[in-house]
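The values are calculated or read from the model by the stated rules, or taken from the named source; none is laboratory data. Model, not experiment: these values are computed from the prediction. All Cβ positions, even for glycine, are placed from backbone atoms using ideal geometry, and neighbour counts span all protein chains on display. Note: accessible area is taken over every heavy atom of the protein model, side chains too, but ligands, DNA and RNA are not part of it. Shrake-Rupley method; radii C 1.70, N 1.55, O 1.52, S 1.80 Å.
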Amino acid sequence: MANVIVVGTQWGDEGKGKVVDLLAKDAQVVVRFQGGNNAGHTIVLKDRKVILHLVPSGILHPGKKCIIGRGVVVDPGVLLEEIRQLRELGYFTLDTLLYISEAAHLILPYHREIDIGRERLLGKGKIGTTGRGIGPVYEDKAARSGIRFVDLLEESVFRDKLKANLEEKNFYLKHRLRAEPLEFQPIVDQYLSFGEELRAFACDESLTLYEEMAKGSHILFEGAQGMFLDQDFGTYPYVTSSNTTAGGACTGAGVGPTKIDLVMGICKAYTTRVGAGPFPTELEDELGLHLRQRGSEYGATTGRPRRCGWLDAVLLRQAVRVNGIGSLAMTKVDVLQGLDGIKICVAYECDGKRLETVPDSLLRLTRCRPIYEEMPSWNQEVHCKGGFDSLPPQLTNYVRRVEELAGVPVDIISLGADREETVVRRNPFIS
Ligand code: GDP
Ligand code: IMO
Ligand code: MG
């Protein structure tokens, strides 16, 4: 298969970075298509841990083209810092490895201020955003007042657009959010200098991808966040402000749906969520704390503790349906070792009825109680070398049960954070 989309099937942090890095070995191009630096994608290689927020997770392999599509919102200061850090570690040796769509929208200081100010105003009812300005920048894009990367490359255009925006944003900041207004000149100076540093990376990503496809390249589309943070299919309003589902890859990178060969879903062996919003299988007890500690469940972007709970097959089935997932990668299976038993939520009980799908009504979802199936865990240390059949039978039974419930095969099983700690039953780029 040539063109594969990777998406999260839960509330983010499923281990997309690890799987994309693993698959990138057999791809020539890796593309981010939505979200921004709210994402934190972790890659572990031996003793080194790299967290990527904007640069696609193919960058640790020499020679892979990494593309930031127009569906991504770019904070140029954050991107430049990420590039600097990667270079310091010896990665990203050539400028020709990174491409940024000219049409990608830019995060400006007022987007961050509005994000933070709104959350403060919401108080207890806050979304729990990452505070990176994601909601406000996508609002501007939809309102047709946003500033794109290409605008930054033409000084007079940038000045005019910033002036018009800042007038409105300062009014809102001052009078609605009771926050300090921002000055025009320091933003102009800082952003024009960012623009000069990034100018060389500007591209038309749709055209670049088209040309790569014509050459027969393998292309990996790297989703950020997860299905239930999608602005249309997630637990609205406790979602992010982009389409995290597979369709977002087409609109966010300029590729027609007929060009996609496979959607791979990444699914943690249990569930986590950062920020507010419903979470039917959440464990607010010792077991939840155990999962957090054993799985090091702290946000890769904000460091916040992640809420933890059992695997929810109702969510997973819905993610398979909405994304057209044909293959799953299950991560963090090692974290379940040594538990007294492992539970899987197979359906919900809601208002006295059995429910097999996730309701759109937040109120109804909050009333859903998980119906669990229980399976035994395993105690022995797990090694990847012998492949799937050498894994403990309790582990393989768990994987097989998830396959049955999801209706698709689990082709990759991740048993540790390192690239090497993985069992690949089927590689989409090879088979
Ligand atoms: P992403 O946002 O989906 O890329 O996921 P994050 O990087 O935010 O969170 C996943 C975390 O789990 C990271 O710290 C990874 O290094 C780690 N991780 C990934 N796969 C495994 C695994 O199979 N086992 C363990 N123990 N950790 C893993
Ligand atoms: P990756 O790509 C987990 C969550 C935030 C908040 C909600 C809205 O690493 O999986 P936003 O800042 O996007 O407006 O916040 O979405 N969120 C994530 N949770 N992983 C992420 O990305 C997330 N990106 C956003 O915690 O609940
Ligand atoms: Mg993450």
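On the stretch given as the range 80-122, residues that are farther than 18 Å from residue 139 by Cβ, assigned to a helix (DSSP H, G or I) and of a type outside the set (Ser, Thr, Tyr) total 11. Can you name the residue in the range 12-21 that is closer than 25 Å to residue 358 by Cβ and open to solvent by 10 Å² or more (accessible area, probe 1.4 Å) and, of all such residues, is nearest to the chain's Cα centre (by Cα)? Looking at residues that are closer than 25 Å to residue 358 by Cβ and open to solvent by 10 Å² or more (accessible area, probe 1.4 Å), I get 13. I want to confirm something. Restricting to the range 289-307 and keeping residues that are away from ligand 2 (no atom under 12 Å from the Cβ) and closer than 22 Å to residue 40 by Cα, which single residue is farthest from the chain's Cα centre (by Cα)? The qualifying residue farthest from the chain's Cα centre (by Cα) is 289. Taken over the range 123-139, residues that are part of a helix (DSSP H, G or I) and of a type in the set (Val, Ile, Thr) amount to 2. Might you let me know whether the range 118-128 holds any residue that is closer than 30 Å to residue 45 by Cα and basic (Lys, Arg)? Within the range 118-128, not a single residue is closer than 30 Å to residue 45 by Cα and basic (Lys, Arg). Count of the range 84-104 residues, restricted to those that are touching an Asp or Glu at 6+ places or on another chain (Cβ under 7 Å) and open to solvent by 10 Å² or more (accessible area, probe 1.4 Å), is 2. Take the conditions (1) within 16 Å of ligand 3 (Cβ to nearest atom); (2) part of a helix (DSSP H, G or I); residue 225 misses just one of them, which is (2).
For the range 387-431, taking the residues that are out of contact with any helix residue (DSSP H, G or I) (no Cβ under 8 Å at 6 or more places or on another chain), at pLDDT 95 or above and closer than 26 Å to residue 324 by Cα, the one that is least open to solvent (accessible area, probe 1.4 Å) is identified as 411. Would it be correct to say that residue 64 is open to solvent by 10 Å² or more (accessible area, probe 1.4 Å) and within 16 Å of ligand 3 (Cβ to nearest atom)? Answer is no for this residue.
Out of all the residues in the range 308-327, which are more than 17 Å from residue 369 (Cα to Cα) and within 16 Å of ligand 2 (Cβ to nearest atom)? 319, 323 - these are the residues of the range 308-327 that are more than 17 Å from residue 369 (Cα to Cα) and within 16 Å of ligand 2 (Cβ to nearest atom).
Rundown of residues vs (1) under 19 Å from residue 103 (Cβ atoms); (2) of a type in the set (A, V, I, L, M); (3) surrounded by 15 or more Cβ atoms within 10 Å (Cβ to Cβ); (4) touching a helix residue (DSSP H, G or I) at 6+ places or on another chain (Cβ under 9 Å), yes/no style:
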{"site": "157", "(1), (2), (3), (4)": "yes, yes, no, yes"}
{"site": "163", "(1), (2), (3), (4)": "no, no, no, yes"}
{"site": "166", "(1), (2), (3), (4)": "no, yes, yes, yes"}
{"site": "172", "(1), (2), (3), (4)": "no, no, yes, yes"}
{"site": "181", "(1), (2), (3), (4)": "no, no, yes, yes"}
{"site": "189", "(1), (2), (3), (4)": "no, no, no, no"}
{"site": "193", "(1), (2), (3), (4)": "no, no, no, no"}
{"site": "198", "(1), (2), (3), (4)": "yes, yes, yes, yes"}
{"site": "205", "(1), (2), (3), (4)": "yes, no, yes, yes"}
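Contact annotation: residue pairs with Cβ atoms under 7 Å, 6 or more positions apart or on different chains, pairing a residue in the range 277-296 that is in contact (Cβ under 8 Å) with a residue 60 or more places away in the chain with a partner that is surrounded by fewer than 17 Cβ atoms within 10 Å (Cβ to Cβ) and assigned to a helix (DSSP H, G or I), are 278/362; 278/366.
Looking across the range 297-329 at every residue that is in contact with an Asp or Glu (Cβ under 8 Å, 6 or more places away or on another chain) and modelled with pLDDT under 95, the one that is farthest from ligand 1 (Cβ to nearest atom) is identified as 299. Consider the range 252-282 and keep the residues that are of a type in the set (S, T, N, Q) and within 15 Å of ligand 2 (Cβ to nearest atom). The one that is surrounded by the fewest Cβ atoms within 10 Å (Cβ to Cβ) is 272. Where strands (runs of 3 or more DSSP E) sit wholly within the range 2-61, those with at least 1 residues that are within 10 Å of ligand 1 (Cβ to nearest atom) and in contact with a strand residue (DSSP E or B) (Cβ under 6 Å, 6 or more places away or on another chain) occupy 3-8, 41-45, 48-52.
For the range 306-327, the tally of residues that are in contact with a Gly (Cβ under 8 Å, 6 or more places away or on another chain) and surrounded by fewer than 24 Cβ atoms within 10 Å (Cβ to Cβ) stands at 6.
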